[in-house]
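Everything on this sheet refers to the single structure shown next.
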Amino acid sequence: EPEVTQTPSHQVTQMGQEVILRCVPISNHLYFYWYRQILGQKVEFLVSFYNNEISEKSEIFDDQFSVERPDGSNFTLKIRSTKLEDSAMYFCASRGRVRDNEQFFGPGTRLTVL
Amino acid sequence: TQLLEQSPQFLSIQEGENLTVYCNSSSVFSSLQWYRQEPGEGPVLLVTVVTGGEVKKLKRLTFQFGDARKDSSLHITAAQPGDTGLYLCAGKAQEYGNKLVFGAGTILRVKS
């Protein structure tokens, strides 16, 4: 069964540092997403990406965030200057054209900003 | 404002009991998904419902989408300790764009 993978599983960084979270979506999927979940809170949408551009983003996704699909397999989320409140689980998800209501999630990256 | 309200927040039952968790909204959803999430892991998709009144079964789990597509329920028959986890509903509604919005989840604990 194909699955979404994410690296690293846990990232610890100092406030103000840049981090890049990596995702490999399911290979024939065309729509990609990032979500975050602060400890004890709801899963929140950050951004959706299709055809090499952002299709939708939330208020959380400000100028400090960016996404990129640098090659045919990876999908990355960059946070330029991390803040304490960026500490959360970050989930990547992808979906295909068939069964287009269904998003499949990766295992997440736990980001800890000190 | 809770776009998707889940109840109860927490449920602790004995093995073999039946249970129902609810997901309610004042908005109409074009589709609604149920996920299960283990601590420190990503949500795992259980089912998608798209048609008002639709009922789907997955072994001992029965999912229903309300006729007006504003609510859904998950019923588990004869719960087992392996059913323990966080159950999340999530859906797409036109008024929220194309993004998936999540409920806060129901934490289920099944004791043996």
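The values are calculated or read from the model by the stated rules, or taken from the named source; none is laboratory data. Source: prediction; values computed, not measured. Please note: Cβ atoms are built from the backbone with ideal geometry, for glycine as well, and neighbour counts cover all protein chains shown. Calculation scope for accessible area: heavy atoms of the full protein, side chains included, ligands and nucleic acids excluded. Shrake-Rupley method; radii C 1.70, N 1.55, O 1.52, S 1.80 Å.
Does region B:63-72 include one or more residues that are more than 14 Å from chain A (Cβ to nearest Cβ), touching a residue at least 24 places away in the same chain (Cβ under 8 Å) and surrounded by 16 or more Cβ atoms within 10 Å (Cβ to Cβ)? Explain how you work it out, then say what you get.
To start, the set of residues in region B:63-72 that are more than 14 Å from chain A (Cβ to nearest Cβ) comprises B:64, B:66-68, B:70-71.
From what is left, the residues that are touching a residue at least 24 places away in the same chain (Cβ under 8 Å) are B:68, B:70-71.
This time we only want the ones that are surrounded by 16 or more Cβ atoms within 10 Å (Cβ to Cβ), so: B:70-71.
Within region B:63-72, one or more residues are more than 14 Å from chain A (Cβ to nearest Cβ), touching a residue at least 24 places away in the same chain (Cβ under 8 Å) and surrounded by 16 or more Cβ atoms within 10 Å (Cβ to Cβ).
Report whether or not residue B:47 is more than 14 Å from chain A (Cβ to nearest Cβ), open to solvent by 10 Å² or more (accessible area, probe 1.4 Å) and either in contact with a Phe, Trp or Tyr (Cβ under 6 Å, 6 or more places away or on another chain) or assigned to a loop (DSSP other than H, G, I, E, B) (or both).
Numbers: more than 14 Å from chain A (Cβ to nearest Cβ): no; open to solvent by 10 Å² or more (accessible area, probe 1.4 Å): yes; either in contact with a Phe, Trp or Tyr (Cβ under 6 Å, 6 or more places away or on another chain) or assigned to a loop (DSSP other than H, G, I, E, B) (or both): yes.
Taking the combined requirement at face value, the residue does not satisfy it.
Does region B:80-101 contain any residue that is buried (at least 19 other Cβ atoms within 10 Å of the Cβ), within 12 Å of chain A (Cβ to nearest Cβ), part of a loop (DSSP other than H, G, I, E, B) and without any contact (Cβ under 8 Å) to a residue 24 or more places away in the chain?
Within region B:80-101 (the criterion being buried (at least 19 other Cβ atoms within 10 Å of the Cβ), within 12 Å of chain A (Cβ to nearest Cβ), part of a loop (DSSP other than H, G, I, E, B) and without any contact (Cβ under 8 Å) to a residue 24 or more places away in the chain), the answer is yes, since at least one residue qualifies.
From B:30, B:112, grab the single residue that is exposed (fewer than 15 other Cβ atoms within 10 Å of the Cβ), at the interface with chain A (Cβ under 10 Å from one of its Cβ atoms) and in contact (Cβ under 8 Å) with a residue 24 or more places away in the chain.
So the residue among B:30, B:112 that is exposed (fewer than 15 other Cβ atoms within 10 Å of the Cβ), at the interface with chain A (Cβ under 10 Å from one of its Cβ atoms) and in contact (Cβ under 8 Å) with a residue 24 or more places away in the chain is B:30.
Report yes if some residue within region B:4-17 is out of contact with any Asp or Glu (no Cβ under 9 Å at 6 or more places or on another chain), free of Cβ contacts under 8 Å to residues at least 12 places away in the same chain and surrounded by fewer than 19 Cβ atoms within 10 Å (Cβ to Cβ); otherwise report no.
no
Determine which single condition residue B:39 fails, assuming it passes every other condition in (1) open to solvent by 20 Å² or more (accessible area, probe 1.4 Å); (2) within 12 Å of chain A (Cβ to nearest Cβ); (3) modelled with pLDDT of 95 or more.
(3)
Given the conditions (1) free of Cβ contacts under 8 Å to residues at least 24 places away in the same chain; (2) surrounded by 18 or more Cβ atoms within 10 Å (Cβ to Cβ); (3) not charged (D, E, K, R), report the number of the one that residue A:101 does not fulfil.
Looking at each condition in turn, residue A:101 falls short on (2).
Cβ-Cβ under 6 Å, sequence separation 6+ or interchain: first residue in region A:27-51 and farther than 23 Å from residue A:97 by Cα and free of Cβ contacts under 8 Å to residues at least 12 places away in the same chain, partner assigned to a strand (DSSP E or B) and open to solvent by less than 40 Å² (accessible area, probe 1.4 Å). Which pairs?
Correct list of pairs: A:42/B:102.
Can you confirm whether residue B:52 is surrounded by fewer than 18 Cβ atoms within 10 Å (Cβ to Cβ) and more than 14 Å from every other protein chain (Cβ to nearest Cβ)? I'd like the intermediate steps shown before the answer.
Details: surrounded by fewer than 18 Cβ atoms within 10 Å (Cβ to Cβ): yes; more than 14 Å from every other protein chain (Cβ to nearest Cβ): yes.
Yes; evaluated as a whole, the condition is true for this residue.
Taking residue A:76, is it open to solvent by less than 20 Å² (accessible area, probe 1.4 Å), farther than 25 Å from residue A:27 by Cα and in contact (Cβ under 8 Å) with a residue 12 or more places away in the chain?
Working: open to solvent by less than 20 Å² (accessible area, probe 1.4 Å): yes; farther than 25 Å from residue A:27 by Cα: no; in contact (Cβ under 8 Å) with a residue 12 or more places away in the chain: yes.
Criteria not met by residue A:76.
Within 25 Å of residue B:40 (Cα to Cα) and surrounded by fewer than 16 Cβ atoms within 10 Å (Cβ to Cβ), is that true of residue A:83? Explain how you work it out, then say what you get.
On the way: within 25 Å of residue B:40 (Cα to Cα): yes; surrounded by fewer than 16 Cβ atoms within 10 Å (Cβ to Cβ): yes.
For residue A:83, the condition - within 25 Å of residue B:40 (Cα to Cα) and surrounded by fewer than 16 Cβ atoms within 10 Å (Cβ to Cβ) - is met.
When you go through A:44, A:18, A:3 one by one, which is the residue that is open to solvent by 60 Å² or more (accessible area, probe 1.4 Å) and either farther than 12 Å from residue A:86 by Cβ or basic (Lys, Arg) (or both)? Give the steps one after another, and end with the answer.
Values: A:44 fails: open to solvent by 60 Å² or more (accessible area, probe 1.4 Å); A:18 fails: either farther than 12 Å from residue A:86 by Cβ or basic (Lys, Arg) (or both).
Going through A:44, A:18, A:3 in turn, the sole match is A:3.
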